[in-house]
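Please read the structure below before turning to the comments.
The values are calculated or read from the model by the stated rules, or taken from the named source; none is laboratory data. This structure is a prediction, so every number in the text was calculated from the model and none was measured. With ideal geometry, Cβ positions are generated from the backbone for all residues, glycine too; neighbour counts draw on all protein chains shown. The accessibility values were calculated without ligands, DNA or RNA, using every heavy atom of the protein model including side chains. Shrake-Rupley method; radii C 1.70, N 1.55, O 1.52, S 1.80 Å.
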Amino acid sequence: MTHQHLVVAVVGYTGGVGTCLLSAMKKINLKPFALVRSKTMTMIDDDSTTGVEQTTDYKVLGDRLVEQASKIKNGVPVIADVTASGGVQEHYATWLRQGISVVAANKGIFAGPEATYKDLLLAAASSTASTSGKQQQQQQRLLHETTVGAGLPTLGTLQALKASSHEIHVVQGILSGTLAFVLGQVAGGKSTLSQAVVDAKALGYTEPDPRDDLNGMDVARKAIILARLAGMEGVELDKLTIESLVPEQLQDCGVDEFMDKLSDYDAIMTDRVAKVEASGGRLHYAAKVDVAQNKVEVGLLSCEASHPFNNAGPDNMVAITTNFYTRPLVIQGAGAGGDVTATGVLTDILQCAYQQAP
């Protein structure tokens, strides 16, 4: 089966990742069937280059996608969601039960309540009635590679290791380019924490409120996704040990006040870095998923000189230790950016074409 069998709807096509995704699809001659944004959507028929714009209706979208795929031998309907909308994710289970593959770039539902996540997995494994009324196993896939590490092949690698009889022991990850930059700046006493945050903000590496990066919550959500794919259960955000780099006294003030007063806490970070480096190590902000101990931690991690994280630079890096890979398998590369995220989404879309026809 080739990608010509794919019938693809792109939800969020006007955003940064969405525009990059359409560009990447054009390069491989994969024409979208539907372009969807929050208020309007357009279906593009085979015999036209433009379609009729209509009010966004996710039920209609699913029905039309299934109908279009049924007109093609071995047609595969796919919805690629590159929005940050939790509202769109509410429709995933319905689409999956219709036999529609879902490709997602939004962490939300995958790092949310475990019960909701498990319901989604059940929907992905469900069967539906065929036109003859008989139950048939669908081909739908639920893929979300870019929710951790953008285009890096992290989740697929982790799943492949598990499927091929590896026992996942530990997964460690530098999963925030912002925090990697900040820790890289304070390493060796080159800069203070406050100045590193100022520099990161000026370079556009942080959220408008840098505390949204420094509090570690984004890394924690990625850690939950890794933990669940590694086979852990009972992992919930409110149960994690998360070390925030935001001083407690500055958590609730305005952004300007936070930036002005962060320097009052520079000495604490400087001393901590110096102690780790005095023993030949480096300090990194990372997630650690210890499957054997059923424990997930997010925060500052002291790494000895030989640890692969010390060669990560500004990149994302994930190190996976298994019963066979006692020396970690390392995945490294850019963990953010429209193009790398879009090509990661496109890779997932293409994976949907390689399903065995019923």
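Annotations for the structure displayed:
- Per-peptide packing, taken as the mean over residues of other Cβ atoms within 10 Å, places 190-198, 215-223 in the sequence 215-223, 190-198 from highest down.
- In the context of the full protein assembly, E233 retains an accessible surface of approximately 120 Å², using a probe radius of 1.4 Å and ignoring ligands and nucleic acids.
- Residues with amide H under 5 Å from that of Y13, placed H, sequence gap 5 or more: V36
- Each residue of the stretch 311-317 is assigned a 3J(HN,Hα), and the resulting list reads 10, 6, x, x, 6, 7, 8 Hz, derived from the Karplus form 6.51 cos²θ - 1.76 cosθ + 1.60 (θ = phi - 60°), x at Gly and Pro.
- P(r) of the stretch 197-320 over all Cα-Cα pairs, binned every 10 Å from zero, in whole percent: 11, 36, 38, 14, 0
- Using the alpha-carbon positions of the chain, Rg (one decimal) and Dmax (whole number) come out as 22.0, 72 Å.
- Compactness of the stretch 12-101, expressed as Rg and Dmax over alpha-carbon positions, Å: 12.7, 34
- Size-normalised alpha-carbon gyration radius of the stretch 223-284, reference 2.2 N^0.38 Å: 1.56
- As a rough guide to protection, the peptides 22-32, 178-188 ranked by mean Cβ packing within 10 Å, highest first, stand as 178-188, 22-32.
- Label point distance in nm, Y325-E277, each placed 7 Å from Cα along Cα→Cβ: 3.0 nm
- Percentage of interatomic Cα-Cα distances in the stretch 260-358 larger than 22 Å: 53 percent
- The calculated FRET efficiency for the pair K59 and C253, based on their C-beta separation and a Förster distance of 35 Å, comes to about 0.20.
- Evaluated at q = 0.12 Å⁻¹: base-10 log I(q)/I(0), Debye formula over Cα of the stretch 262-311: -0.33
- 3J(HN,Hα) from dihedral phi, the stretch 322-331, Karplus parametrisation 6.51/-1.76/1.60, rounded to Hz, x for glycine, proline: 10, 5, 9, 9, 6, 9, x, 7, 10, 10
- FRET efficiency, 1/(1 + (r/R0)^6) with R0 30 Å, evaluated for N29 and K239 via beta carbons: 0.05
- Bridge type composition, the chain - antiparallel percent by DSSP, nearest 5: 65 percent
- Integer Hz, Karplus 6.51/-1.76/1.60 couplings in order for the stretch 279-286, x for Gly and Pro: 9, x, x, 9, 9, 10, 9, 8
- For the stretch 27-89 versus the stretch 140-170, the inter-centroid distance based on Cα atoms is 27 Å.
- Ordering of 318-324, 262-268 by burial proxy (mean other Cβ atoms within 10 Å per residue, highest first): 318-324, 262-268
- Under 19 Å from K239, Cα to Cα: lysines that are on another chain or at least 8 residues apart: K107, K118, K222, K288, K295
- A 1.4 Å probe over all protein chains sorts R64, R97 by accessible area into R97, R64, starting with the largest.
- Between helix 177-186 and the chain: long-axis angle, C-alpha atoms, 0 to 90°, nearest 10: 10 degrees
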